[in-house]
Amino acid sequence: MKTQQRRMIGHGAIVMLIALFAGFGLVISLVGGLEVFPGTILSFKFPGETSAWARTHVGGLLNGMLVIVGALVIHAMDLPDKPASRLRWMLIGTGYANTAFYWGGMFAPSHAVTAGDNRLGESNLAGVLGFLPAVVFMFLTIAAMVILIRQGFSKDAKR
């Protein structure tokens, strides 16, 4: 396995680690605080809706897996340098862009699905910072899948 694929796995693990921290927020949101001793909950309000914490937790784990599986696929398919290089930065960028999207969406009334206000609520800095990288990498992720499709069905294994 090449150094580039190992680094992709490292980036995927970082994305997953961030998602695992969202799991703490999910539990605190569900319980309404933090259990300091069995049956004893230190109650406090935590920002963000429970459903947003769940999306951030699960979505981040899946995005981290996308990067890790991408690294393994690049290695297993023994892709030529050019498509492999493109896939590396596209998939790593997707992992981080979607991480920004999930976290930004949790703290934006607009859910970071638009740069401006929408029917869900007003936009704020978190919403804009979540939306902009996600919208760019939404198209780049599609391009990455097209690269994989072309390579997967290529008659020349080293095309």
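The values are calculated or read from the model by the stated rules, or taken from the named source; none is laboratory data. Please read all numbers here as calculations on a predicted model, not as lab measurements. So basically every Cβ, Gly included, is an ideal-geometry build from the backbone, and we count neighbours across all protein chains shown.
Pairing residues of segment 137-152 that are under 14 Å from residue 77 (Cα atoms) with residues that are of a type in the set (Lys, Arg) and assigned to a helix (DSSP H, G or I), at Cβ distances under 7 Å and at least 6 apart in sequence or on separate chains, gives 147/86. Does segment 79-98 contain any residue that is modelled with pLDDT under 95, at positive phi and not aliphatic (A, V, I, L, M)? No, segment 79-98 has no match at all.
List every residue pair whose Cβ atoms lie under 6 Å apart, where the two residues are 6 or more positions apart in sequence or sit on different chains, the first residue falls within segment 103-122 and is of a type in the set (S, T, N, Q), and the second residue, located anywhere, is not in a loop (DSSP other than H, G, I, E, B). As it stands, the answer is 110/118; 110/121; 110/127, since those pairs meet every condition given. The single condition among (1) under 25 Å from the mean Cα position of the chain (by Cα); (2) among the small types (Gly, Ala, Ser); (3) at pLDDT below 95 that residue 64 does not satisfy is (3).
Return the residues of segment 22-37 that are of a type outside the set (Gly, Ala, Ser) and surrounded by 13 or more Cβ atoms within 10 Å (Cβ to Cβ); say none if nothing qualifies. Spell out the reasoning first.
Within segment 22-37, the subset of a type outside the set (Gly, Ala, Ser) is 24, 26-28, 30-31, 34-37.
Selection gives 24, 26, 27, 28, 31, 34.
Among the residues of segment 58-87, count how many are among the acidic types (Asp, Glu) and free of Cβ contacts under 8 Å to residues at least 24 places away in the same chain. Step through it out loud before you land on a result.
Residues of segment 58-87 that are among the acidic types (Asp, Glu), as a first pass: 78, 81.
Still in the running and free of Cβ contacts under 8 Å to residues at least 24 places away in the same chain: 81.
Summing the residues that are among the acidic types (Asp, Glu) and free of Cβ contacts under 8 Å to residues at least 24 places away in the same chain in segment 58-87 gives 1.
Applying the selection to segment 126-159, what residues are modelled with pLDDT of 95 or more, farther than 19 Å from residue 56 by Cα and small (Gly, Ala, Ser)? Residues satisfying the conditions are 143, 144. Scanning segment 1-12 for residues that are surrounded by 13 or more Cβ atoms within 10 Å (Cβ to Cβ) and aliphatic (A, V, I, L, M) gives 8, 9. Within segment 38-82, the set of residues being in contact with a Ser or Thr (Cβ under 6 Å, 6 or more places away or on another chain), farther than 23 Å from residue 5 by Cβ and surrounded by 17 or more Cβ atoms within 10 Å (Cβ to Cβ) comprises 46, 53.
Take the residues in segment 76-126 that are in a helix (DSSP H, G or I) and basic (Lys, Arg); name whichever of them is nearest to residue 18 (Cα to Cα). In this case the residue turns out to be 88.
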